[in-house]
Amino acid sequence: MPLPDPRKRNPIILPDGTPHAGTVMLSQVLDHPNIQAGDYSYASDLDPPDNWAQHLAPYLFPGARERLVIGRFCQIAHGARFITASANHAQEGLSCYPFPVFDPSQMAGFQPDTRDTVAGNDVWIGYGALILPGVRIGDGAIIGAGAVVRGTVPPYAIVTGNPGTVQGYRFSKPQIARLLALKWWDWPADLITRAEPALLSGDLDMLESIAPD
């Protein structure tokens, strides 16, 4: 079957013919200078907000010095949040109190943490997960419901709990290497459509046979 239209705000059509307002293509709703979202990545929420950027990354204000980067084909469940670097307080002094933010002459240049937060391609972020500042999530990873994630998540890892820890991997190391070499998420849409049976069935040999030269 054809891929969903990445230019359509609400890609899911309910049986009665109406679009499902609670699921949105991120590239169509994240109008924020510090956020980049790849095609086909979507978020779902049981109470869809008016401002999806503020909803998903509540501390990422325009003018901040960090970015939130979300790859292609990501899936973000209800309640997931990205706590980006702007939320962090300085910890080197005797107090963590952010005195400069209350002085307009100092506020613009005061940001103790400027790390970007990055989710790779084909990442599934489960219900209520919390992604902390500077996290790097590898391609194909699964972030379990309610997980609190920090640091670096390897490709195709499964992370659960608080603190979030790697519980295992979706595939063997050789299989992961083959998938990372294929980078199917970057293929043309018609080729991904052809590859859908392989992607759904876990047939890596079939996927490799479809890969472009």
Practice task
Multiply the residue separation of VAL166 and ASP50 by 0.36 nm, subtract the distance between their alpha-carbon atoms, and state the gained length in nm to one decimal.
Solution key: 38.4 nm
Fill in the blank from the handout: Summing -39500 (n - 2.57) over every DSSP H run of at least 4 residues in the chain and dividing by its residue count gives a helix-only mean residue ellipticity at 222 nm, to the nearest 500 deg cm²/dmol, of -5000 deg cm²/dmol
Problem - Residues of the chain: accessible area per residue with a 1.4 Å probe, Å² - result: 55 Å²
Practice task
Quick one: angle between helix 173-182 and the longest Cα principal axis of the chain, in degrees between 0 and 90, rounded to 10, please.
Solution key: 90 degrees
Handout entry: Where labels lie 7 Å past Cα in the beta-carbon direction, separation of SER105 and SER209 in nm
Key = 7.2 nm
Problem - Furthest towards positive pole of dipole, GLY140, THR165, ILE83, structure part the chain, Cβ charges - result: THR165
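If you restrict to DSSP beta bridges whose two residues both lie in region 1-95, what percentage is antiparallel, to the nearest 5?
45 percent
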Exercise for the section: Just need the relative contact order of the chain here, percent rounded to a whole number, with Cα pairs under 8 Å and 6+ apart. Expected result: 13 percent
Fill in the blank from the handout: Computed ³J(HN,Hα) along region 152-167: with the Karplus parameters 6.51/-1.76/1.60, θ = phi - 60°, integer Hz and x for glycine or proline, the list is 10, 9, x, x, 6, 7, 10, 10, 9, x, 9, x, x, 10, 6, 8
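Under a Cβ-Cβ cut-off of 10 Å, what is the net charge of the residues other than THR114 that fall near it, where Lys and Arg count +1 and Asp and Glu count -1?
0
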Completion exercise
Rounded to the nearest 10 Å², the accessible area of MET107 using a 1.4 Å probe with every protein chain kept is 110 Å²
Practice task
Pop out the ³J(HN,Hα) list for region 128-137 in order, Karplus 6.51 cos²θ - 1.76 cosθ + 1.60 with θ = phi - 60°, rounded to Hz; leave Gly and Pro as x.
Solution key: x, 5, 10, 9, 7, x, x, 5, 10, 9
Problem - On Cα atoms only, tilt of 189-201 relative to the major axis of the chain in degrees - result: 80 degrees
Handout entry: Accessible carbon and sulfur surface of the chain relative to its total accessible area, %, 1.4 Å
Key = 55 percent
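The values are calculated or read from the model by the stated rules, or taken from the named source; none is laboratory data. Not measured: the values here are computed from a predicted model. Here the Cβ is made from the backbone with ideal geometry for all residues, glycine too, and neighbour counts use every protein chain on show. We work out accessible area using only protein heavy atoms, side chains counted, and drop any ligands, DNA or RNA first. Shrake-Rupley method; radii C 1.70, N 1.55, O 1.52, S 1.80 Å.
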